[in-house]
Amino acid sequence: MSRFIDRVVLHVSAGKGGNGCSSVHREKFKPLGGPDGGNGGQGGGVVFVVDSNVHTLLDFHFSSHAKAGNGTQGMGGNREGANGEDLILKVPDGTVVLDKKGNVLADMIGEGTRFDAAPGGRGGLGNAALASKARRAPGFALLGEEGIERELVLELKSVADVGLVGFPSAGKSSLVSVLSAAKPKIADYPFTTLVPNLGVVSSGDTTFTVADVPGLIPGASQGRGLGLDFLRHLERCAVLAHVVDCATLDPGRDPISDVDALEAELAAYKPALSGDASLGDLADRPRIVVLNKADIPEGAELAEMVTAEFESRDWPVYTISAVTRAGLKPLTFALAKLVEEYRTAHPAPEPRRQVLRPVARNDDSFKVVKDPDIPDGFIVRGTRPERWVRQTQFTNDEAVGYLADRLARLGVEDALIKAGAQPGASVTIGDVSFDWEPQTPAGVEITMTGRGTDARLDQVERIGASERKHARQVRRGLDTEQE
């Protein structure tokens, strides 16, 4: 038996970018062929696409993690790595994508609408792309960046023209079954309908959809009953139809009090999509009142008594019987007329174009702040410094020297001096912490030695952090090993 799932939490991970390649062209009689390492491939992204053949979020309920393909490493001979394959996730029309804080990221309406949920990581540059006058044959390459990881919430808001609203067992499912070819579950006990049912209705030249929302009760907008989970399915409905049980045996209930109670819930509910599709709040939608169960004598008598009250509110009123199908034709034409009026005033939305907001690649801004956890320590925050650190292979001295040159040209060294950093101070950039050595002549003309090495790093005579830690342990008697 299929299940209707309209809200899921999904963890998406974009693919990692491929590492660049460090290679030197080798050919007989050409010992100095030059660098020929290719760039790494771009990581694949995670993309949501609206597909009309998908009607529920069931697949994501059972598979809550989605990961795109990784880019491959670059190769010698100036061959670039392959890009990772994008992961295309098909979602139903009307899906809303939110972040874990509840902020709306995308409202996906219309066949083919796309949303880039997580962009893939950048591929690292190969040593051919890093060659310069100072480094004619770099012995290193840049690492690929990790892809974006996000926790998203997907909510499905049914795209229907008419929403049926009413207390449990008011006859909404029966009405959908006789108006359309839908076959919802029908029984004589409350809360038979546990999921929204959609039916397609034809009236003359007009075809529209009707959504049967599970029964609402007072307090639904605060989470009582099933209302809070399914009120959102009314957000996109152009017309709301109150289905009233005129033959209820519950004491203290009557058609007018039932409608007033539900109107209070509709007014209290705040749509997550404020201003979505120009529909406004639920309290502002066109209304129509359907007095059901007129085949019962008491129901017909009560419907006649309350009709004048609803008409005084300028609401169209129709008395019907879903069992005998009496009064269905006038009701169908009335619903079609209201839907046509809405469609005339609001043309059908086209698939929304994807809006690209590229992040500036040359954002030079950064700042130096005090490290709250390390005395006399500093933290450097900025898009470029953090990205450069992620791309650096710290086991390669030449790559570390290249990073130092980039940071010096950006002005990080000068900013640390102005901030009061002392030699040996702990400096953190991204996930990497190191001891700052201003004696290292970064950013100046260098004399290259062997590939993968940097002579400037050998000039530093200051004792490293690990050596200082070992010395403290020896002084405190925690380490008996003496060197």
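The values are calculated or read from the model by the stated rules, or taken from the named source; none is laboratory data. Every value quoted in this text rests on a predicted model; they were computed, and no experiment measured them. Here Cβ is always computed from backbone atoms with ideal geometry, including for glycine, and neighbour counts include all displayed protein chains. What goes into the accessible areas is simple: the full protein's heavy atoms, side chains included, and nothing from ligands, DNA or RNA. Shrake-Rupley method; radii C 1.70, N 1.55, O 1.52, S 1.80 Å.
From (1) touching a helix residue (DSSP H, G or I) at 6+ places or on another chain (Cβ under 8 Å); (2) of a type outside the set (Ser, Thr, Tyr); (3) more than 19 Å from Phe140 (Cβ to Cβ), pick out the condition that doesn't hold for Ile417.
(1)
If you take the residues of segment 65-86 that are touching a Ser or Thr at 6+ places or on another chain (Cβ under 9 Å) and part of a strand (DSSP E or B), which of them is farthest from Gly37 (Cα to Cα)?
Filtering first and then ranking leaves His65.
Which of the residues that make up segment 111-149 are open to solvent by less than 10 Å² (accessible area, probe 1.4 Å) and under 15 Å from Phe48 (Cα atoms)?
Thr113, Ala117, Ala118
I'd like to verify a number: residues in segment 236-257 that are under 23 Å from Gly199 (Cβ atoms) and either modelled with pLDDT under 75 or touching a strand residue (DSSP E or B) at 6+ places or on another chain (Cβ under 7 Å) (or both), how many?
10
Which one is farthest from Gln42 (Cα to Cα) among residues in segment 58-74 that are among the hydrophobic types (A, V, I, L, M, F, W, C) and touching a strand residue (DSSP E or B) at 6+ places or on another chain (Cβ under 6 Å)?
Filtering segment 58-74 down to residues among the hydrophobic types (A, V, I, L, M, F, W, C) leaves 58, 60, 62, 66, 68.
Imposing the further condition that a residue be touching a strand residue (DSSP E or B) at 6+ places or on another chain (Cβ under 6 Å) reduces the set to 60, 66, 68.
On the way: Phe60: 26, Ala66: 18, Ala68: 11 Å.
Ranking the qualifying residues of segment 58-74, first place goes to Phe60.
I need the full set of residues from segment 117-157 which are touching a residue at least 60 places away in the same chain (Cβ under 8 Å), assigned to a loop (DSSP other than H, G, I, E, B) and basic (Lys, Arg), in order please. Full working, then the answer.
Our first condition is that a residue be touching a residue at least 60 places away in the same chain (Cβ under 8 Å); within segment 117-157, this holds for 117-131, 134-157.
Now restrict to residues that are assigned to a loop (DSSP other than H, G, I, E, B): 119-126, 131, 134-148, 157.
Passing the criteria: Arg122, Arg135, Arg136, Lys157.
From the set of residues in segment 423-433 that are surrounded by 15 or more Cβ atoms within 10 Å (Cβ to Cβ), closer than 14 Å to Asp376 by Cα and not polar (S, T, N, Q), which is modelled with the highest pLDDT?
Val427
Of everything in segment 35-50 that's open to solvent by less than 20 Å² (accessible area, probe 1.4 Å) and either assigned to a loop (DSSP other than H, G, I, E, B) or touching a helix residue (DSSP H, G or I) at 6+ places or on another chain (Cβ under 6 Å) (or both), which residue is farthest from Arg122 (Cα to Cα)? Steps first, answer last, please.
First, the residues of segment 35-50 that are open to solvent by less than 20 Å² (accessible area, probe 1.4 Å): 36-38, 40-41, 43-48, 50.
Of the ones still in play, those that are also either assigned to a loop (DSSP other than H, G, I, E, B) or touching a helix residue (DSSP H, G or I) at 6+ places or on another chain (Cβ under 6 Å) (or both) are 36-38, 40-41, 43-45.
On the way: Asp36: 20, Gly37: 16, Gly38: 14, Gly40: 8, Gly41: 8, Gly43: 6, Gly44: 10, Gly45: 11 Å.
Among those that are open to solvent by less than 20 Å² (accessible area, probe 1.4 Å) and either assigned to a loop (DSSP other than H, G, I, E, B) or touching a helix residue (DSSP H, G or I) at 6+ places or on another chain (Cβ under 6 Å) (or both), it is Asp36.
Farther than 13 Å from Ala241 by Cβ and of a type in the set (Phe, Trp, Tyr) - does that describe any residue in segment 315-335?
So far as segment 315-335 goes, yes, one or more of its residues are farther than 13 Å from Ala241 by Cβ and of a type in the set (Phe, Trp, Tyr).
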